[in-house]
Amino acid sequence: MGVLSDPSAFYTSPGSDWAQGDLIIAPTAILWSTGERPTHKYPQPAPVPPGIGSVVYDLWNEAPPFAKAATIECFLGPAMILTDDCALDKDFNVKVEKLMEHGKSEADALAEARLDPTLDPLVVIAPILPYKELRSVSPTAVRTAQAIGYFPILESDEVDEGFVDFGRAVPVSRQLLSEPFAALSRDVKNILCWKLAQHYAVRNLSVDAQIAAAVGKTIVASHIIADNKNRLIVELELEGGDCLRLRQEPRQAEANPSRVRGNRG
Amino acid sequence: MQTHKSVARDRGVTTIPQDLRERAGVAVHDELSWVELDRDLWLVGPKGRPEQAAPVVETTLLAQQSPFPKLVRRLLAGEIALSPKMAERRHTPTQEPPAVNEEQMIMLGSAPEPVRRGRGRG
């Protein structure tokens, strides 16, 4: 049984702070062009239970002169934190270091930074949806993390099965997040990182796949280094300990069109 | 499941069918409790009993409606804090990524253009 099918390997206990891959309850939203969705009268009661339905409101009472009229649809339900752990604490880490540079002890710097609610105010999350809402992709492909743009949520004693739709990612205030009701294990978090990279930059990663297929070995790590001429070298670690170095082509002087023989401009 | 109907008369006066009174043990001058489970959905009975039954009925109803019944049960049981005290942020030393120039970034991001069957901006 692999990590994607074994709840004890899929989940771990949530940490003391939010982290990438944490499952939380929070609102998410979609912006539509006005008329794409029937709207509700504002305001409406909160959905009970979470995960059901949505509220839809027109943003403005008339179309703006410089853009199309927009409607917002808001949902409330389970979601996953997509922001990388480093980005979750980017402002926080910088503030701690600045305070320490100004002579504060690490403990004092941490205590002061923790009191500042303006640091890293936004977290990117994506909703967890039931499989009945999956379109265009096979549930098996999502459950095995083969489909691009989705991530599986494995059923356990405490967590319902579903899937994360990366296409519905949205920034929300950190203050809107519930405490995590589940957290991903290290291995599954690594798979999440890979799936996010695939979703946002699949073209580049397809080069890796072509190289792996050409050499017949899986790429297990990559490092960017530069030689003494500041030329870029990408070092790929292959399974079995082999290493492949891809060197940037030496810079070539651009030909001056006026000096190309036969070109009279 | 047995159901009973009665009609509300003037000023909301309604009667409880006799067989229901007997089954529910409702005697003369008994106080009835109305517990709201959902909009337009009430649990009614002699004082004490609906209050006891309501959480179980509510949990079951909500869990049945939701695509995430385990999550609903945990929420109703108070297992998940909606306003958590997650103040223990930890400091990780910031690391500057290796500097790469524009030419190198172009190379790192380059790949064969995929064939797009786009719909255009219509």
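Here are some notes:
- Some residue of the stretch B:25-33 being at pLDDT below 80 and either more than 30 Å from A:Pro117 (Cβ to Cβ) or touching a helix residue (DSSP H, G or I) at 6+ places or on another chain (Cβ under 6 Å) (or both): no
- Cβ-Cβ under 8 Å pairs, at least 6 apart or on other chains, the stretch B:50-62 side among the acidic types (Asp, Glu), far side part of a helix (DSSP H, G or I): B:Glu58/B:Leu76
- From the list A:Ile81, A:Ile72, the lone residue that is more than 9 Å from every other protein chain (Cβ to nearest Cβ), surrounded by 16 or more Cβ atoms within 10 Å (Cβ to Cβ) and touching a helix residue (DSSP H, G or I) at 6+ places or on another chain (Cβ under 9 Å) is A:Ile81.
- Residue check: A:Pro50 meets all listed conditions (1) of a type outside the set (Phe, Trp, Tyr); (2) touching a Pro at 6+ places or on another chain (Cβ under 8 Å); (3) at pLDDT 95 or above but one, namely (3).
Residues are listed down the side, and each one gets a yes or a no for (1) surrounded by 10 or more Cβ atoms within 10 Å (Cβ to Cβ); (2) more than 9 Å from every other protein chain (Cβ to nearest Cβ); (3) more than 30 Å from A:Phe92 (Cα to Cα); (4) within 29 Å of the chain's Cα centre (by Cα):
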| position | (1), (2), (3), (4) |
| --- | --- |
| B:Gly25 | yes, yes, yes, no |
| B:Gln65 | yes, no, yes, yes |
| B:Ser83 | yes, no, no, yes |
| B:Ile106 | yes, yes, yes, no |
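- Residues of the stretch A:166-203 satisfying the condition of being farther than 20 Å from A:Ala19 by Cβ and either acidic (Asp, Glu) or at pLDDT below 90 (or both): A:Gln198, A:Ala201, A:Val202, A:Arg203
- Only listed residue being closer than 22 Å to A:Leu192 by Cβ, within 12 Å of chain B (Cβ to nearest Cβ), surrounded by 16 or more Cβ atoms within 10 Å (Cβ to Cβ) and at pLDDT 90 or above, chosen from A:Ala109, A:Ala26: A:Ala26
- Unmet criterion (only one of (1) more than 29 Å from A:Thr12 (Cα to Cα); (2) surrounded by 12 or more Cβ atoms within 10 Å (Cβ to Cβ); (3) modelled with pLDDT under 85) for A:Leu244: (3)
- Number of positions in the stretch A:7-50 that are in a loop (DSSP other than H, G, I, E, B), in contact (Cβ under 8 Å) with a residue 60 or more places away in the chain and over 20 Å from the mean Cα position of the chain (by Cα): 1
- Sole residue being free of Cβ contacts under 8 Å to residues at least 12 places away in the same chain and over 17 Å from A:Pro127 (Cα atoms), chosen from A:Ala67, A:Ala63: A:Ala67
- Looking at B:Leu61, B:Leu20, just one residue is within 31 Å of the chain's Cα centre (by Cα), surrounded by 11 or more Cβ atoms within 10 Å (Cβ to Cβ) and at pLDDT below 85, and that residue is B:Leu61.
- The stretch A:175-185, residues that are part of a helix (DSSP H, G or I), more than 9 Å from every other protein chain (Cβ to nearest Cβ) and not hydrophobic (A, V, I, L, M, F, W, C): none
- Candidates B:Trp34, B:Trp42, filtered to the one that is part of a strand (DSSP E or B) and out of contact with any Leu (no Cβ under 9 Å at 6 or more places or on another chain): B:Trp42
- Subset of the stretch A:141-165 that is of a type in the set (Ser, Thr, Tyr) and modelled with pLDDT of 95 or more - its residue that is nearest to the chain's Cα centre (by Cα): A:Tyr150
- Complete set of residues in the stretch B:50-84 that are in a loop (DSSP other than H, G, I, E, B) and among the small types (Gly, Ala, Ser): B:Ser66, B:Ala77, B:Gly78, B:Ala81, B:Ser83
The values are calculated or read from the model by the stated rules, or taken from the named source; none is laboratory data. Please read these numbers as outputs of a predicted model, since none were measured by experiment. Note: ideal-geometry Cβ built from the backbone for every residue, glycine included; neighbour counts use all protein chains shown.
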